[in-house]
Every structure is written in C-alpha cells, then in structure tokens.
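S.K.: I have a structure I would like to understand better, so I am pasting it below and will then ask my questions one at a time.
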Protein chains: 2
Amino acid sequence: MSELPGPAALREAIRSGAHSGNTSGLAAGFVQCNIVILPAAWANDFLRFCQLNPRPCPLIATANSPGDFTLPLLGDIDIRTDVPKYRVFRGGEFVEETSDITALWQEDLVSFALGCSFSFEEALLADGLEVRNVTEGVNVPMYRTSIDCKPAGPFRGKMVVSMRPFKAADAIRAIQICTRFPAVHGAPVHLGDPVQIGIGNLLKPDYGDPVSIANDELPVFWACGVTPQVALEAAQPPFAITHAPGCMLVTDLRNSRLAVM
Amino acid sequence: MSELPGPAALREAIRSGAHSGNTSGLAAGFVQCNIVILPAAWANDFLRFCQLNPRPCPLIATANSPGDFTLPLLGDIDIRTDVPKYRVFRGGEFVEETSDITALWQEDLVSFALGCSFSFEEALLADGLEVRNVTEGVNVPMYRTSIDCKPAGPFRGKMVVSMRPFKAADAIRAIQICTRFPAVHGAPVHLGDPVQIGIGNLLKPDYGDPVSIANDELPVFWACGVTPQVALEAAQPPFAITHAPGCMLVTDLRNSRLAVM
C-alpha cells in the first residue's frame, strides 16, 4: 500500500495479531478511545460515574446491550479482538495483559469507549503549538490530584490529570482549541501552581514520564482518562477489562467530527 | 418610566445634557464603544492600525464618509452630541474636556467606534464569575506592556492591557467566555507572571485603580482600549477627539449579538 493505513486497515492488523502495541500517532486524524468493559450489574453505576465526571470520563459510545461486542457507532468493531492490548482485572486487582479477550468474553459484559487525549493533542499540533511530551518522545506526565470526582455507587476517587507546559499566550490558545473538543476531555481543569490541586512535584508524575518545563512556561493540566481506571480499582468489581495504556481502540470517527463548533 | 432606560433613552438624556458622566452599568445588555475621531488625512492609517491590532483595537463601526456624524449601524446616533464627555487633542496634546463637539465639528472628520471591555465584563458576570474591579467599585487597573503594536504610518506604541484576577479554573472559564467576543477585545493576551509582558508592579497601574489579588489567584490580562489613545498620542495628529475614559458611546447593538457563536 502506498497510503498510510486508515483506521479499518489498522484494526484489521490488530485483529489478526499483526499489531499488538502502542497506537499513538497511528491512523492520524481518527479518534482513539479508552476502553472499559464491566459486568452489567456494575455498568449502570459506571455510566453514572461518567455522566457525573465528563471531563475525565467523556463517554463517546457504549455497547447496545450486555454481551454485545460490537460498537457500530465507532466502526466495524469487535471489541474482543480490536484493541492491541487489554488488561484484565479480578476483584479490582490487575491479573494479566492479553491481546485477545474472546476466551474471556461473558454474556453480561458491557463495553464503554471514552475519549482520549490523542485527539486534542492532534488539534494542538495542527495549530502549530508544541506539545512537550510529543517533542520529547515520552508518555505525557500524569498526576493524582486532590480533586474529588463525584461518586456513583462504588465508583469514586481523585481526578487524575495530564500536564503539558506552555507559554501563557500558547496556554490561552490551547484552552480555546480544547474547548471545541469536550468529547476528548475538553478545556484544561487547572493551570499554574500545581500545589493548588495537590501536586507536590511536577518532576515526579504518578504515571507516565516527566517532561521539561522552561522558566517562562506554565504547567497546564487536563482531566485524564486514567481517572476511570482509578475509580475501577476503588470499586473492585469481580471482573473488568480495560485497554492497556497507550494501546487504544482505533475508530472510524474523525477527530474533527468531535468539534462542537 | 417604570423600566430601566434603554440605550435610546439614555442617549437622549446624554444628547440633551441631562447625563454627562460615566456610562458603566447603564443600558445593561447593550454595547458601549470607545470613540476616536480624526481628520480624513489620518483616518486611513488609523484604520490600518486597528486592522493590524484587532485585540486592543476591535473596530465595530466607522462613519460612512468624512464629515458624516451619524453611525447608523449602531443606532440613531449623532456623534457630535451623543457621547457624555469628550476629550479634545491638538498636535497629540490634550486640550479640553467637553460634553458637546458640535462647535468643533469639521467636514473632514471621520468617526471610529471600537469595542469596550464593559461588554465582556457583563458576559463574565452573567456566568457567575466575580469581576474584581466591579466588586471593589473601582476602575479596572491598566498597564503599559512591553508588547509592541504593529505600526501603521504614524500610529504605533506599546499595547496597554487591563487586569482582572481569577482562580485558575475561573481564568480558564473567562478565556472560554471572552473567546466568543472578539469584537470587544476577545480572549486574554496573557496570564500569570506580569514581568513577562513588562509589568513591574501590579499594585501600581499606569491607568485606573489597583485591585486586590489573593494568593491563589492569577492575574489575567486583556488587550485594552486605551491602546489606540496611546497610539494617537504618538501619532500627534493636528486634531483629534476621543471619548473621556468611562464615558462611552451607548449603542442599540446588543452585547449578545457580538458573540461569534
């Protein structure tokens, strides 16, 4: 093929096992999703948790019914095979990583697809802004904050945020750009002094890698898709499956279609 | 009258001389404008200056031709009588304040109406944000910055900014709100460290009054309508008239109609 593979071709490679790694930068222009799969008895509370906390948990699609492994809104998807790498949890504890969950599928499982920062990073880069974690080729730094999510049943916990440093004028521009994309975390939740949201040391992220911050830059913080994983650990459902970090569900939905204006 | 006076009634009071003071908070919901009046020979450069510097000089309307003292786009206006207080400049020097410029009118004068921060302050207040200068009942603090405006002919100078302090989350919200209103200065141009834009001491504004800033607040800076007055002083046209600070042209245009979305 002379063209870069689109989302359908990439998913085919993932489904066949030919690609089982990170999806960052692949199928550019198309939405990638965080995935959470839960038994139906836990699904309603998780759905409410997402609705109550739309900045960290922007719900893009759910399965039509328990046991349904398709997500037609997002493309010709079989959620049992189309994520490059899954994480399996039992009783809230991580058990194993796998690249196919067909053998683990249950008739009561409900799939949730949530927006991911890859989409807004693409919009920032398209505007000519520098995204530090992209420039430095590392995972974005993420931090547990002192901000409480609104609880829903057993799902609760602190908001996790990702951080990208910008000069003030670029931070203002980044806020404008991300405001157009509420389905992928939307505008930042904080900027400036990290202590105000309970972050002690920017160089020691709780997840991901540290990035350099210049003296004339402000740290800008976005609600992060790791938040629902933290809530999942707190809820301790008997069984749950998520994507592995960075190994997202690639969809046929164009990033630009998520813009509210 | 049992109702608050609308813009036409307020202009009538101004035209008759019954009101010759500040217009802040009057005819709520309607656009008020900064006014610059120049001889036609200087008008083209000033127009270009506004086009090159839309954040500090957002042009809302100009007279149809030299000598025309109406601004039909903004209402039934006679620019010679409908501003509560004018300032007259000769050779770039302030000469006098007056409440009627009919006797000073010349056949070559061109009027410019520029957006004013009153409109976006109303939008911030309507969203439930606290605007410190309003709370404290003082003029907004304004500062000369180190940011160069783009010059046009003799019109040049540093950008003047106004400052309102906000907590980070409110600053982000303020950026979102003001982005909708490019015709009244739009989004802030800076936030955080004032030294980065050449401001030494926030408590010593170059114009207006200081306001209190809490430890957990960021100063947020907007391009300010004093900028064209500074450019006017630099250009030293033989003759010019502006509104007096706070004594604006009240128009029939609704603030909400300035929203780009």
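The values are calculated or read from the model by the stated rules, or taken from the named source; none is laboratory data. Treat the numbers as computed from the prediction; the structure is a model and nothing was measured. Here Cβ is always computed from backbone atoms with ideal geometry, including for glycine, and neighbour counts include all displayed protein chains. Note: accessible area is taken over every heavy atom of the protein model, side chains too, but ligands, DNA and RNA are not part of it. Shrake-Rupley method; radii C 1.70, N 1.55, O 1.52, S 1.80 Å.
S.K.: Conditions first: (1) open to solvent by less than 40 Å² (accessible area, probe 1.4 Å); (2) within 14 Å of chain A (Cβ to nearest Cβ); (3) in contact (Cβ under 8 Å) with a residue 24 or more places away in the chain. B:ILE172 passes all but one, so which condition is the exception?
M.R.: Unmet condition: (3).
S.K.: Which of the residues spanning the stretch B:90-132 are in contact (Cβ under 8 Å) with a residue 40 or more places away in the chain, small (Gly, Ala, Ser) and outside any strand (DSSP E or B)?
M.R.: B:GLY91, B:GLY92, B:SER99, B:GLY115, B:SER117, B:SER119, B:ALA123
S.K.: Just give me the residues in the stretch B:238-255 being more than 29 Å from B:GLY29 (Cα to Cα) and crowded, with 20+ Cβ neighbours inside 10 Å, in sequence order. If you could, list the steps in order and put the result at the bottom.
M.R.: So the first thing to find is which residues in the stretch B:238-255 are more than 29 Å from B:GLY29 (Cα to Cα), and the list is B:238-240.
Scanning the stretch B:238-255 gives a single hit, B:ALA240.
S.K.: Sticking with this one: Would you confirm, using the coordinates I've provided, whether B:VAL189 is under 30 Å from A:VAL260 (Cα atoms) and either free of Cβ contacts under 8 Å to residues at least 12 places away in the same chain or touching a Leu at 6+ places or on another chain (Cβ under 8 Å) (or both)?
M.R.: When the stated conditions are applied, B:VAL189 does not pass them.
S.K.: Sticking with this structure for a sec: Would you confirm whether or not the stretch A:221-229 contains a residue that is modelled with pLDDT under 95 and of a type in the set (A, V, I, L, M, F, W, C)?
M.R.: Within the stretch A:221-229, one or more residues are modelled with pLDDT under 95 and of a type in the set (A, V, I, L, M, F, W, C).
S.K.: In the stretch A:152-169, how many are more than 10 Å from every other protein chain (Cβ to nearest Cβ) and open to solvent by less than 40 Å² (accessible area, probe 1.4 Å)?
M.R.: 12
S.K.: Hey, can you tell me all the residues within the stretch A:91-130 that are within 17 Å of the chain's Cα centre (by Cα) and of a type in the set (Ser, Thr, Tyr)? Don't jump to the end; show me each part of the working.
M.R.: Applying the first criterion (within 17 Å of the chain's Cα centre (by Cα)) to the stretch A:91-130 yields A:111-124.
Once the filter is applied, which keeps residues that are within 17 Å of the chain's Cα centre (by Cα) and of a type in the set (Ser, Thr, Tyr), the stretch A:91-130 yields A:SER111, A:SER117, A:SER119.
S.K.: Please give the number of the condition B:ASN53 fails out of (1) touching a helix residue (DSSP H, G or I) at 6+ places or on another chain (Cβ under 6 Å); (2) under 24 Å from B:MET159 (Cβ atoms); (3) not charged (D, E, K, R).
M.R.: (1)
S.K.: Counting just the residues of the stretch A:50-72 that are within 18 Å of the chain's Cα centre (by Cα) and under 18 Å from A:PRO7 (Cα atoms), which one comes out most open to solvent (accessible area, probe 1.4 Å)?
M.R.: Top of the filtered list is A:ILE60.
S.K.: Could I ask something else about it? Select from the stretch A:1-50 the residues that are over 30 Å from A:THR179 (Cβ atoms), in a strand (DSSP E or B) and in contact with a helix residue (DSSP H, G or I) (Cβ under 6 Å, 6 or more places away or on another chain) and list them in ascending order.
M.R.: A:LEU38
S.K.: So which residues in the stretch A:175-189 are open to solvent by less than 10 Å² (accessible area, probe 1.4 Å) and either small (Gly, Ala, Ser) or within 11 Å of chain B (Cβ to nearest Cβ) (or both), if there are any at all? Spell out how you get there, then give the answer.
M.R.: Here is the first cut: in the stretch A:175-189, the ones open to solvent by less than 10 Å² (accessible area, probe 1.4 Å) are A:175, A:178, A:184-188.
Those that are open to solvent by less than 10 Å² (accessible area, probe 1.4 Å) and either small (Gly, Ala, Ser) or within 11 Å of chain B (Cβ to nearest Cβ) (or both): A:ILE175, A:CYS178, A:GLY186, A:ALA187, A:PRO188.
S.K.: Another question, if that's okay. Which of (1) within 14 Å of another protein chain (Cβ to nearest Cβ); (2) among the aliphatic types (A, V, I, L, M); (3) under 21 Å from B:PRO151 (Cβ atoms) is the odd one out, the single condition B:ILE199 does not satisfy?
M.R.: (3)
S.K.: Right, here's the next one. Only one of B:LEU125, B:LEU47, B:LEU104, B:LEU114 is within 30 Å of B:ILE172 (Cα to Cα), surrounded by fewer than 22 Cβ atoms within 10 Å (Cβ to Cβ) and modelled with pLDDT of 95 or more. Can you tell me which?
M.R.: Answer to the check: B:LEU125.
S.K.: Residues A:ARG80, A:ARG87: which one is at pLDDT 95 or above, surrounded by 13 or more Cβ atoms within 10 Å (Cβ to Cβ), of a type in the set (Lys, Arg) and part of a loop (DSSP other than H, G, I, E, B)?
M.R.: When all the criteria are applied, what remains is A:ARG80.
S.K.: Taking the condition of being open to solvent by less than 40 Å² (accessible area, probe 1.4 Å) and away from chain B (no Cβ under 14 Å), how many residues in the stretch A:209-237 meet it? So that I can check it myself, show each step before the final result.
M.R.: Here is the first cut: in the stretch A:209-237, the ones open to solvent by less than 40 Å² (accessible area, probe 1.4 Å) are A:211, A:217-232, A:235, A:237.
From the residues that got through so far, the ones that are away from chain B (no Cβ under 14 Å) too are A:211, A:224-232, A:235, A:237.
Summing the residues that are open to solvent by less than 40 Å² (accessible area, probe 1.4 Å) and away from chain B (no Cβ under 14 Å) in the stretch A:209-237 gives 12.
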